[in-house]
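What follows draws every value from the coordinates through simple rules; no lab data is involved. Just so you know, these numbers come straight off a predicted model, no measurement behind them. Glycine gets a Cβ as well: all are built from the backbone with ideal geometry, and neighbour counts include every protein chain shown.
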């Protein structure tokens, strides 16, 4: 009932019998002002919070969705943080602050908005009036792909470097380290060294190290396992 009254936008406030579900103006709250379930902007569009909070809040979100079925509605993350910016969209005096805050919001949540998202288009227009969200999303996707490729290349190089370092460790040195760990009477120490040796071997594979390097690492893995048994 509370959500439906809120969605009609003809009352200043209202609340459920227990006071946990209530609205003040265009803001619909669940269990306090720290979580905005829904917001109706100056153009009558409804914005619903995509975030999860609790089972009860999930029910409140469901009520809100049903209540705004007659309105243009958008499902967005972190609505509680976004609402102040939505309120300032049509206030020229707040344009600079709104632009800054929405850009920060989109930087944090851009992956939640596909290229064709109408909600993202509305928000991005405040940041770049002449730009389109579809183009911005494509730009960000391309950058993410480049960053991932660079990271993978770096990871591969690190794996090869580590594998070569480990392969250069004499077996006697590996044996000595394991014996020293055993003399500490610490199962944790022995287990740690075994896991470290296994990690070295994994790094050798991950880095696509030469077969000889992988084989040499594996010798150390086997030795570490034997001494850790």
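Quote to one decimal, in nm, the extra length available between residue 5 and residue 20 on full extension: 0.36 nm per residue of separation minus the C-alpha distance between them. Intermediate results must be reported in sequence, preceding the final value.
On the way: separation 15, 0.36 × 15 = 5.40 nm, distance 1.53 nm.
My answer for the length gained is 3.9 nm.
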Fill in the blank from the handout: Cβ density ranking, 10 Å radius, fewest first, applied to 21, 35 yields 35, 21
Completion exercise
Computed over the Cα atoms of the range 76-124, the Rg and Dmax in Å are 10.4, 30
Practice task
Equivalent ellipsoid semi-axes for the range 2-131, as square roots of 5 times the alpha carbon gyration tensor eigenvalues: give them largest first, rounded to whole Å.
Solution key: 25, 15, 13
Fill in the blank from the handout: Assertion target for 39, 63, ordered by fewest C-beta neighbours within 10 angstrom first, is 63, 39
Exercise for the section: Using label points projected 7 Å from each Cα along Cα→Cβ, tell me how many nm separate residue 69 and residue 96, to one decimal. Expected result: 4.6
